[in-house]
Amino acid sequence: MEQTLKELAKSYLLDKGVNFRDVDERRLRVGFRGENLKLIEIFIRFPEEEGHDFIITSFSIGCSFTGELYNDGLELCNELNNEYRWVKFYLNDEHDVVAEFDAYIDENSCGPVVANAIRRMVSAMDKVYPRFMALRWG
């Protein structure tokens, strides 16, 4: 029986010493500590059986932009999307900051691509956190 992309990624992450938790049959949860952001929690969702795309999502910025700050929050997300082209920042329906990373993986590239995506996502989130806080709290 062939390994799923999730199983391949888990094996690679274990070999690299990355701690994670199984959430369900398609998702993993990974937590990190940053210099600016004390807890960076990300969820990795793997594709359906036939798919080859995966997505990492995080709500760890922990900031909402409502009312008068909504447009400013959108502007900052747009600026960051130009600076960090691999990570997308946006405000969801509740106006909370969300960071996402998605890419293509296959059986040959799964582990290294997922590990690289995790590093990029965590690094970007930790770097931009002070900018969101400065905008939100002045």
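Here are the numbers:
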quantity: Any hit, segment 61-73, residues being open to solvent by 20 Å² or more (accessible area, probe 1.4 Å), at pLDDT 95 or above, in a loop (DSSP other than H, G, I, E, B) and closer than 18 Å to P130 by Cβ; calculated: no
quantity: Selected residue (only one of F89, F132, F101 is of a type outside the set (K, R) and assigned to a helix (DSSP H, G or I)); calculated: F132
quantity: Of all residues in segment 93-138 being exposed (fewer than 14 other Cβ atoms within 10 Å of the Cβ) and without any contact (Cβ under 8 Å) to a residue 24 or more places away in the chain, the one that is farthest from the chain's Cα centre (by Cα); calculated: G138
quantity: Residue list for segment 8-30, restricted to those being assigned to a helix (DSSP H, G or I), in contact (Cβ under 8 Å) with a residue 24 or more places away in the chain and crowded, with 16+ Cβ neighbours inside 10 Å; calculated: L8, A9, Y12, L13
quantity: When residues of segment 31-48 are limited to those that are without any contact (Cβ under 8 Å) to a residue 40 or more places away in the chain and of a type in the set (A, V, I, L, M, F, W, C), the one nearest to F101 (Cα to Cα); calculated: F43
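The values are calculated or read from the model by the stated rules, or taken from the named source; none is laboratory data. These numbers were taken from a predicted model, which means no experiment stands behind them. Neighbour counts are summed over all protein chains in view; Cβ atoms, including those assigned to glycine, are modelled from backbone coordinates with ideal geometry. Ligands, DNA and RNA are excluded from the accessible area calculation, which covers all protein heavy atoms including side chains. Shrake-Rupley method; radii C 1.70, N 1.55, O 1.52, S 1.80 Å.
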